[in-house]
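Participant: My questions will all concern the structure given below.
Derivation of every value follows stated rules applied to the coordinates shown; laboratory data play no part. Note that the structure is predicted; figures quoted are calculated from it, not measured. Methodologically, a virtual Cβ is constructed for each residue, glycine included, from the backbone with ideal geometry; neighbour enumeration extends over all protein chains shown.
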Amino acid sequence: MTPLALAHGARSALIPLLAGLLGLAIFLVDTLTPLDMAVAVLYVAVVMLLADVLTTRGILAVGGLCIVLTSISFLTVHNVRFEPEAVARACVAISAIIVATLLSLRNRRASDSLRDQAALLDLTHDAILVRDADDTILYWNRGAEELYGWTAAEAIGHRTAELLRTGFPLSPEAAIAELERDGRWEGELRHARKDGSRVIVASRWALRRDAQGRVQTIMETNNDITARKAAQDRLDKAQSELTHVTRMATLGQLTASIAHEVNQPLAAIVTNGEACLRWLRRPEPDVGEALASVERMIANGRRAGDVVARLRALSRRQSGRHERLDLNALVTESLALIERELARHKVTVTLDLTERLPAVAGDRVQLQQVVINLAINAAQAMEDTPRPRRLLLRSGIEAGLDGPVVRVSLTDSGSGVDDEGLTHLFEPFYTSKPDGMGLGLSISRSLIETHGGRIDATRNAERGMTFAIILPAVKEPRA
Ligand code: ADP
């Protein structure tokens, strides 16, 4: 128990004793000594002493008792001889006791109602404390008891900053200066609890001055925001990690897609180079075939260069160069570029192209990339298929929502995909191949979408898959 609480407890026990002794002394003096004065007036002191510690009924009873004692003394001393002065003295004393009792009762009611109002502050969950200009705690509500662990008796009388080991965002001086200037201050504080743990509070201070303008009391309302702060910190951290991951993923995706798209022409160059050497190393070199291989090497080399240029444009967010394209021609060109690759996989290509296909607007290299991606995927999916490994390429016109669309489909007789695969095919980094990157389909899809089209994957009834590219036909001006 703090010295202050101890003093408070001792005082409440001492007062009734003191009042009792005083009352007895007055009674004895009034009854036994023939003093010609209104000694009984001193009962007022007894009533006033007890007014603080008694209930309303108690005060009334003490007032009544003092009047009875005064009357007894009067009757004892004066017997039946009622001298007018003595009667007057007794009347003055009794009136004084009555006035003191009534005043004490009024005072009592006023302080009871104040206490009731103060008790309302105990209903709030906020920690509320009132301190004086010296920072000494005068009031400490139940919310403060719950938040900090000290009872009101333990906290009252201590200095706030010392008890709570207050940590300020800037400095205590800055907060106090603002409080004195504006009459209020709010901010976040760090406080210590009784058990030593730290708590972060949103704190609001309000200042009350006396008539002379001097600081009288400061009311401080504190809300525990430790958990909210911790959650906010975690959120901030997660967000910054996410930003970092997204940046890395974008960078990683770009790098991976460059590698992926450049790999194909490079592989084609190597295959064609090897073929060229074989044609030349024959006992009778076949210069015609060798030349054809070299031309394919050059075409693939150019394509690799174009792919890099396109990707650089893409990373600079430049849109591709769009031109009118005949998809039938584009399909044939693309197949020519991977002829060797298809042959190596022993794939037989069948073409079913609709003649006089409407033109589409697009970037030649990008659309070639898509057809090549799909054809190579098909060839790889047929690796374990018994021959003939057939790849059917079809083109046709369909009615779309916004007018005619051109559809190019690639049907293979490969392994196909399961339900799980079908839902994830187009996601970046989804791959079932040991050395796959899982980017071909996701890049193809974004390329087709930037052309205003879409790409579909369906399972064939028999076996294998069909991938279809659907692009809007160029609207020809009416003749
Ligand atoms: P990668 O070829 O590097 O794996 P893709 O994005 O091109 O990346 O393909 C993703 C996955 O989709 C492949 O690993 C494969 O499992 C599946 N897939 C793509 N095309 C076919 C196809 N024609 N037949 C069966 N599965 C396919």
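Participant: For THR160, THR70, THR431, THR350, which order do you get if you count the other beta carbons within 10 Å of each Cβ and list the fewest first?
Facilitator: Ranking THR160, THR70, THR431, THR350 by Cβ neighbours within 10 Å, fewest first, gives THR350, THR431, THR160, THR70.
Participant: Related question: In cubic angstrom, how much convex hull volume per residue do the alpha carbon atoms of region 305-420 span?
Facilitator: Looking at region 305-420, the number lands at 147 Å³ per residue.
Participant: Hey, what's the Kirkwood Rh for region 86-176 if you take every pair of different alpha carbons, in angstrom?
Facilitator: Mean inverse Cα-Cα distance, inverted, gives 16.4 Å.
Participant: Less than 9 Å Cβ to Cβ from THR160, Lys/Arg counted +1 and Asp/Glu -1: what total charge do the surrounding residues give?
Facilitator: Once positives and negatives cancel, what remains is -1.
Participant: Could you list the square roots of 5 times each eigenvalue of the Cα gyration tensor of the chain, that is, the equivalent ellipsoid semi-axes, sorted largest first and rounded to whole Å?
Facilitator: 106, 22, 20
Participant: Right, something else. Give the residue list of trypsin sites (Lys or Arg not before Pro) in region 140-243 that are DSSP loop and have at most 16 other beta-carbon atoms within 10 angstrom.
Facilitator: ARG165, ARG193, LYS194, ARG214
Participant: Can you spot the aspartates and glutamates whose alpha carbon is less than 20 Å from LYS194's alpha carbon? Ignore those fewer than 8 places along the same chain.
Facilitator: Answer for LYS194, where 20 Å is the Cα cut-off: ASP122, ASP126, ASP135, GLU145, GLU146, GLU154, GLU162, GLU220, ASP224, listed by chain and number.
Participant: Helix-derived [θ] at 222 nm for the chain: sum -39500 (n - 2.57) over DSSP H runs of at least 4, divide by residue count, nearest 500?
Facilitator: Theoretical 222 nm ellipticity from helices: -18500 deg cm²/dmol.
Participant: Follow-up. What lysines does LYS237 reach when the alpha-carbon gap must be under 23 Å and sequence neighbours fewer than 8 apart in one chain are set aside?
Facilitator: LYS229
Participant: Follow-up question, since we're still on this one. Starting from region 32-89, pick out the chymotrypsin sites (Phe, Trp or Tyr not before Pro) whose DSSP state is loop and whose Cβ has at most 15 other Cβ atoms within 10 Å.
Facilitator: Loop-located and lightly packed - PHE82.
Participant: Tell me, what is the FRET efficiency for LEU353 and VAL262 to the nearest 0.05, using R0 = 51 angstrom and their Cβ-Cβ distance as r?
Facilitator: My answer for the efficiency is 0.95.
Participant: Sequence gap at least 6, Cα distance under 8 Å: using those rules, report the relative contact order of the chain to the nearest whole percent.
Facilitator: Relative contact order, the chain: 8 percent.
Participant: Arrange the following residues from fewest to most other Cβ atoms within 10 Å of their Cβ: HIS260, HIS322.
Facilitator: HIS322, HIS260
Participant: Compute the distribution of all C-alpha to C-alpha distances in region 432-479, in bins of 5 Å from 0, and list the percent of pairs in each, rounded to whole numbers.
Facilitator: 5, 16, 18, 18, 18, 12, 6, 4, 2, 1, 1
Participant: For a footprinting-style exposure proxy, rank TYR139, TYR148 by other Cβ within 10 Å, fewest first.
Facilitator: Fewest-to-most ranking of TYR139, TYR148: TYR139, TYR148.
Participant: If you don't mind, there's one more thing I want to ask. How long are the three semi-axes of the equivalent ellipsoid for region 375-479, computed from the Cα gyration tensor as the root of 5 times each eigenvalue, in whole Å, largest first?
Facilitator: In descending order the semi-axes read 28, 17, 11 Å.
Participant: So, one more: What is the angle, in °, between the Cα long axis of helix 3-32 and the longest principal axis of the Cα atoms in the chain? Nearest 10 is fine, range 0 to 90.
Facilitator: For 3-32 against the chain, the angle is about 20 degrees.
Participant: Suppose the chain between ASP116 and THR226 were pulled fully straight at 0.36 nm per residue; how much longer would it get relative to their current alpha carbon spacing?
Facilitator: 36.5 nm
Participant: When only DSSP loop residues count, what trypsin sites (Lys or Arg not before Pro) in region 433-479 have their Cβ near at most 16 other Cβ atoms within 10 Å?
Facilitator: Qualifying residues, ordered by number: ARG463, LYS475, ARG478.
Participant: For the chain, which span is the longest to avoid every loop-located (per DSSP) member of GluC sites (Glu not before Pro) having at most 14 other Cβ atoms inside 10 Å?
Facilitator: 1-354
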